[in-house]
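A.B. asks: Following this message is one structure expressed as structure tokens.
Bear in mind that the values in this text are calculations on the coordinates, not laboratory data. Remember, predicted model here, so these are calculated numbers, not experimental data. In this analysis, Cβ positions are derived from the backbone assuming ideal geometry, glycine residues included, and neighbour counts consider all displayed protein chains.
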Amino acid sequence: MQSIRRLLALAGAEGIRFQEGSPLQRMSVPFLLTLVLVCGCSDQPQKIEDGLQAVKTGDRRSGGLEIDRSENSSDRKHAPDTERKTILADWNSPAAVLLMTGEQHGYFEPCGCSIHQLGGMARRADLVRILTEERKWPVGGLDVGGTVRRNRRQDQIKFLTLFEAFRKLKYGVVAVGLEELKLGADFLLQQQVVDPAEAQRAVGIVGANVVLYDPPLEGWPLQSRIVQVGSVKIGVTAIVGQSLRDEVAPLGVMNNILVIDPVDAIPQALAALKVETPDVLILLSHGQPEEAKQLAEKFPEFQIVLTAGGPEEADKTPVVVGNTWILQAGHKGKRVGVLGYFPDSQTERFRYDLIDLDDQRFENAPAMRELMKTYQQQLQDEEISTSDELLFKHPSGHAFVGADKCGECHTKAFNVWKSTPHAKAFKTLISGREGEVDPLSRIHDPECLSCHVTGWEPQQMLRYDTGFMSQQITPHLLNQQCENCHGPGSDHVRLQEKFASDESSVTLEELKSGQATVRRTLAQAKSGDCAKCHDSDNDPKFTPDAFDQYWEKVKHPERD
């Protein structure tokens, strides 16, 4: 009888002027989970038809920050000065250079879980240093919007951090986009700089067809902006595409935001810009590429249109509509579009390239590290990771008990887990990658915690009601533990302990029901459990073909 009871008990374990004051200073101041866990532009710009087809078919929707897959990439060091000098090497003294970016979606830096990922504001800052200090070129920046990803308090803090980075990197305009509008009218109003002189130096938030409140708030967002880069005067306006209106400001819904037809708003913005006699007119179009094409046709005064809505891996070749170039910059800040203006050239007044922000050519600028340090401190001070805003109930209604409780019976599987990196996942948020000097702690950042502790929903970065809160409150849920794959084990534990105390108090059916709540199959792991943390952002090498190789490192078929 004891052998049968034991079997039943274990069967379930299968050059520009900017504001000196910082917006940041105005702040109120897993699935590694898994298997437990299972574990320069071309000489000839594209014709419009070819370019739009590339936009429609070119989106691989990888969702991730790339790693360097070249041979022996793990052994490569920062490139020598000779290689850094190849950046835009054939550009000869542009009168003005503009960084053209957008749809960053909150990626201030690449995730630290994989090496050689592209992107990061720290590398973007190093690019600006190269262009301004080494090349002595006048540099500014324009962003088409989409700075953050969600509309939580953490996103507000990140928005302000990014804006301070934009200020330091000489940006003149950031367009109001879908994600900015989702932060709400009140939050956008808080970013208005009232003092005229100070506002002239600040990074401008521009949305010509965005109306806040009723009656309308006059003068905010800005309808247009003149950006001075060196001796070049650049006129900029921005719009939100009608295709996105219903996502944030549907007609008839009172949320203090109205998005009017860009065709009705642009003429007024253009008229105001033309009074200033700019050298270049640029439209930031936060919509779909087809909308950008239509606006370029309607308003041929714009020499340049930077559009959102294209593929993550953008094509650097401009799409040409009449005399207007339509540009894209991709997503997540992995690459930076660089537009050069050569007014004296008889053949190429503009040149455009997309620069990969890799860790071979670019260093991490200290100023951006300090911003990240301030951002992490703000998350800690406001206790973002333990806020009720992130709280939701687990659909099973059960509670997380921790790996130590699982290990009381499942000793062999527990010992396997302890030997895997999953059992040390939290520590890496403090120590960083092996060999990293003076790492910044991320233990208060929900975007990092969600795949390094137990009891979070990693894709939405939300905390289950009985999941990890902090080292002090829930130390038993540190690291990537069993329940991140198997589910919360309280019901299984309750029934097993009750059975061990009095076997007549629990039926066989009840035991099986409890075991079923924590049973996971290899097929389930392969179908997506692991990819909740091993996604293409955090682990680009984790593919369906690589699953078996990963599984070998964490498999735990042993039974007690």
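A.B. asks: How fast does the range 236-392 diffuse by Stokes-Einstein, in µm²/s, taking the Kirkwood radius from C-alpha pairs at 20 °C and 1.002 mPa s?
C.D. replies: 114 µm²/s
A.B. asks: Bin width 10 Å, alpha-carbon pairs only: give the P(r) of the range 92-243 as whole percents, running from 0 to the bin holding the largest distance.
C.D. replies: Percent of Cα pairs in each bin: 10, 39, 35, 14, 2, 0.
A.B. asks: In addition: Checking a compactness column here: for the range 146-227, what do you get for Rg(Cα) / (2.2 N^0.38 Å), N being the number of residues?
C.D. replies: On the way: Rg = 12.2 Å, N = 82, 2.2 N^0.38 = 11.7 Å.
Computed over Cα atoms of the range 146-227, the ratio equals 1.04.
A.B. asks: Count the net charge of all other residues whose Cβ sits under 15 Å from the Cβ of Tyr464, scoring Lys and Arg as +1 and Asp and Glu as -1.
C.D. replies: Values: positive: Lys393, Arg463, Lys532; negative: Asp388, Glu389, Glu457, Asp465, Glu483, Asp491.
Residues near Tyr464 contribute -3 overall.
A.B. asks: Using the number of other C-beta atoms within 10 angstrom as an exposure proxy, rank Cys113, Cys530 with the fewest first.
C.D. replies: Taking fewest neighbouring Cβ atoms as first place, the list is Cys113, Cys530.
A.B. asks: For Lys293, list the aspartates and glutamates whose Cα falls under 17 Å from its own Cα; do not include residues on the same chain fewer than 8 positions away.
C.D. replies: Those aspartates and glutamates meeting the cut-off are Glu49, Asp50, Asp261, Asp264, Glu301, Asp315.
A.B. asks: Find the percent of Cα-Cα distances in the range 80-374 that exceed 29 Å, and round it to a whole number.
C.D. replies: Cα-Cα pairs of the range 80-374 separated by over 29 Å account for 29 percent.
A.B. asks: How big, in percent, is the set of alpha carbon pairs in the range 447-514 lying more than 19 Å apart? Can you show the working numbers first?
C.D. replies: Details: 978 of 2278 pairs.
Of all Cα-Cα pairs in the range 447-514, 43 percent lie more than 19 Å apart.
A.B. asks: Additional query: Give the cross-link partners of Lys405 among the lysines, using a straight C-alpha distance below 29 Å as the criterion and excluding same-chain residues fewer than 8 apart.
C.D. replies: Lys393, Lys418, Lys424, Lys427, Lys498, Lys512, Lys526, Lys532, Lys553, Lys555
A.B. asks: Which log10 I(q)/I(0) values, to two decimals, does the range 381-445 give at q = 0.25 Å⁻¹ under the Debye formula with one point per Cα?
C.D. replies: -1.04
A.B. asks: From the convex hull of the Cα coordinates of the range 320-366, what is the mean projected area in square nanometres? Don't skip to the end; give the middle numbers.
C.D. replies: Values: hull surface 20.2 nm².
Hull-based average projected area comes out at 5.0 nm².
A.B. asks: When DSSP beta bridges are limited to those with both residues in the range 80-374, what percentage is antiparallel, rounded to the nearest 5?
C.D. replies: Roughly 50 percent of the beta bridges in the range 80-374 run antiparallel, per DSSP.
A.B. asks: How big is the gap, in Å, between the Cα center of the range 138-174 and the Cα center of the range 496-560?
C.D. replies: Taking the Cα centre of the range 496-560 as reference, the centre of the range 138-174 is 41 Å away.
A.B. asks: For Cα pairs less than 8 Å apart in space and 6+ apart in sequence, what is the mean separation divided by the residue count of the range 166-232, i.e. the relative contact order in percent?
C.D. replies: 36 percent
A.B. asks: Only loop residues by DSSP count here, and only those with at most 10 other Cβ atoms within 10 Å; note down the trypsin sites (Lys or Arg not before Pro) in the range 361-439 that meet that.
C.D. replies: Those that pass, being in a loop and sparsely packed, are Lys393.
A.B. asks: Based on the alpha carbons, how large is the Rg to Rh ratio for the range 299-390 when Rh follows Kirkwood?
C.D. replies: 1.15
A.B. asks: Under unit Cβ charges (Lys, Arg +1; Asp, Glu -1), what dipole magnitude, rounded to 20 debye, does the range 398-520 have relative to its Cα centre?
C.D. replies: Charge dipole, the range 398-520, about its Cα centre: 280 debye, nearest 20.
A.B. asks: Give the lysines whose C-alpha is closer than 26 Å to that of Lys168, dropping any in the same chain fewer than 8 places away, or say none.
C.D. replies: Within the straight-line limit of under 26 Å, Lys168 reaches these lysines: Lys85, Lys136, Lys158, Lys182, Lys233, Lys316, Lys332, Lys334, Lys373.
A.B. asks: Take the Cα radius of gyration of the range 398-520 and divide it by 2.2 N^0.38 Å, with N its residue count; two decimals is plenty.
C.D. replies: Working: Rg = 16.3 Å, N = 123, 2.2 N^0.38 = 13.7 Å.
For the range 398-520, the normalised Cα radius of gyration comes out at 1.19.
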